[in-house]
1. Based on what the data block shows, is residue 119 charged (D, E, K, R) and within 14 Å of the chain's Cα centre (by Cα)?
2. How about segment 91-124: which of its residues are among the hydrophobic types (A, V, I, L, M, F, W, C) and buried (at least 21 other Cβ atoms within 10 Å of the Cβ)?
3. Could you run through segment 55-90 and say how many residues are more than 6 Å from the ligand (Cβ to nearest atom), surrounded by 15 or more Cβ atoms within 10 Å (Cβ to Cβ) and over 26 Å from residue 127 (Cβ atoms)?
4. List the helices (runs of 4 or more DSSP H) that sit entirely inside segment 28-101 and contain at least 1 residues that are touching a strand residue (DSSP E or B) at 6+ places or on another chain (Cβ under 7 Å).
5. Six or more apart or on different chains, Cβ atoms under 9 Å: show the pairs whose first residue is in segment 102-129 and in a loop (DSSP other than H, G, I, E, B) and whose second is modelled with pLDDT of 95 or more and among the basic types (Lys, Arg).
6. Could you tell me whether any residue of segment 101-115 is over 24 Å from residue 32 (Cα atoms), more than 12 Å from the ligand (Cβ to nearest atom) and in contact with a His (Cβ under 7 Å, 6 or more places away or on another chain)?
Amino acid sequence: MRGPLLRLAALTALAAAPAMADSPGGRPVKIALPDGEQVYNQICAACHLDKAQGSPDGTVPALAHNAKLADANYPITVVMKGQGGMPWFSEMLTPAQVASVVGYVRTHFDNSYPEPVSEIDVKRIAAQGSEE
Ligand code: HEC
């Protein structure tokens, strides 16, 4: 009886430690990924792959060396609203996370579009109706 209970207590303590350190106390609706690189690796890389090379069969486009990222409005719109086979992330990611992941792909993977992407840009696009 004592064994499993002790293990459970230890696990609970382990799990609680980081949560107590930085949890705001509410239920997390959005996922907690602090920066664009982590958002990319945890979410985008599932389809666009680790070097943003896209899928070998071409169904997922490469983000690496992609001139369509020059205008930040385009990747923001795709991430917020989805496009074709790409799901939208406006419910999963905060505007700040969308800004940071778009900023990340625009400055990595052989892209160099260093103008910063802000949360304001993301909110502005989110507020627009779907205009093609
Ligand atoms: C479930 C798979 C999937 C995930 C996850 C995904 N994408 Fe995509 N993405 C796609 C597909 C498929 C397309 C092509 C959409 C189309 O135009 O038909 C695409 C297109 C794009 C484009 C447009 C590229 C171009 O050349 O037109 C951008 C930018 C993009 N994704 C960024 C992201 C970012 C940033 C993330 C992470 C937040 C992400 N994607 C996550 C599947 C995915």
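1. Numbers: charged (D, E, K, R): yes; within 14 Å of the chain's Cα centre (by Cα): yes.
So residue 119 passes the test.
2. Of the residues in segment 91-124, the ones among the hydrophobic types (A, V, I, L, M, F, W, C) are 92-93, 96, 98-99, 101-102, 105, 109, 117, 120, 122.
93, 98, 99, 101, 102, 105, 117, 122 - these are the residues of segment 91-124 that are among the hydrophobic types (A, V, I, L, M, F, W, C) and buried (at least 21 other Cβ atoms within 10 Å of the Cβ).
3. Summing the residues that are more than 6 Å from the ligand (Cβ to nearest atom), surrounded by 15 or more Cβ atoms within 10 Å (Cβ to Cβ) and over 26 Å from residue 127 (Cβ atoms) in segment 55-90 gives 2.
4. Values: elements: 36-39, 45-48, 73-81.
Ranges flagged: 73-81.
5. Short answer, once both residue conditions are applied: 109/51; 112/106; 113/106; 114/106; 115/106; 117/106.
6. Yes, there is a match, as at least one residue in segment 101-115 is over 24 Å from residue 32 (Cα atoms), more than 12 Å from the ligand (Cβ to nearest atom) and in contact with a His (Cβ under 7 Å, 6 or more places away or on another chain).
The values are calculated or read from the model by the stated rules, or taken from the named source; none is laboratory data. Small disclaimer: the values here were computed from a predicted structure and weren't measured. In this analysis, Cβ positions are derived from the backbone assuming ideal geometry, glycine residues included, and neighbour counts consider all displayed protein chains.
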